[in-house]
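Trainee: One structure, pasted below without further comment.
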Amino acid sequence: MKTILVVDDEIKIVQLVRDYLERAGFGVQAAQDGKTALALARSAKPDLIILDLGLPQMDGLDVTRELRKLSNVPIVMLTARSEESDKLVGLELGADDYITKPFSPKELVARVRVLFRRMESYSRQPADILRAADLTLDVPRMSVSSAGREIEELTATEFELLAALARHPGRIFTRSQLLDAIHGVAFESYERAIDAHIKNIRRKIEPDPRQPRYILTVYGLGYKFADC
């Protein structure tokens, strides 16, 4: 059974999310503040974390920053903040997805299932090695190396985006197409989320993220993997 850690200081929301997740067959743990969430993440090692940004004392952005020092566990942000900049900061810190309050519990469960399906589909694939430029992507392990040197581990979302681009060097992907590639289903989202994930990937794989060698921006259109 997959275990999900739900972090929110509103007890009613925690209970609502717990009820829907348990009905969907997931085990659930809960925390109402950031410090407790980090302690549970270390000890219980949940398979996914649903994290509210508006936590007292230590907010969700700080928790995300600390979580990413521990692992690449998938993170779905819950936010009542409507500002696009807040969502982008969360994604740039390493969150995989976000959903805005008030939200549909059914949609939240659907997003959780998509993230798990994504990881499971990669782990089940037969030995599949992608080579693009001087990068090697080991698909089942979701790892990336350059000339034999292991690159900092990518999150599931980051890896899936990189793999989609690397499978088709030179092909231009719009942000909408890349959103479809990582979600696999029609979710209301916004295309700037892709920019945040691309920024993270570049920071991890590019020798100089300010002058990218692998993932190139095609202004007015989207992104492409360099046609090397």
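Trainee: Contact list please: Cβ distance under 9 Å, first residue in region 4-25 and closer than 17 Å to T100 by Cβ, second residue of a type in the set (K, R) and part of a loop (DSSP other than H, G, I, E, B), pairs at least six apart or on different chains.
Mentor: I13/K101
Trainee: Follow-up. What number of residues within region 148-201 are among the polar types (S, T, N, Q), closer than 19 Å to V89 by Cβ and modelled with pLDDT under 90?
Mentor: 3
Trainee: Can I ask one more? So R23 fits all but one of (1) under 21 Å from the mean Cα position of the chain (by Cα); (2) surrounded by fewer than 18 Cβ atoms within 10 Å (Cβ to Cβ); (3) of a type outside the set (A, V, I, L, M, F, W, C); what number is the exception?
Mentor: It is condition (1) that R23 fails.
Trainee: Report yes if D52 is of a type outside the set (S, T, N, Q) and surrounded by fewer than 23 Cβ atoms within 10 Å (Cβ to Cβ), otherwise no.
Mentor: no
Trainee: For region 55-96, what are the residues that are acidic (D, E) and either surrounded by fewer than 22 Cβ atoms within 10 Å (Cβ to Cβ) or modelled with pLDDT under 85 (or both)?
Mentor: Listed by number, the residues that qualify are D59, D62, E66, E83, E84, D86, E92.
The values are calculated or read from the model by the stated rules, or taken from the named source; none is laboratory data. Not measured: the values here are computed from a predicted model. Cβ atoms come from the backbone with ideal geometry, glycine included; neighbour counts cover every protein chain shown.
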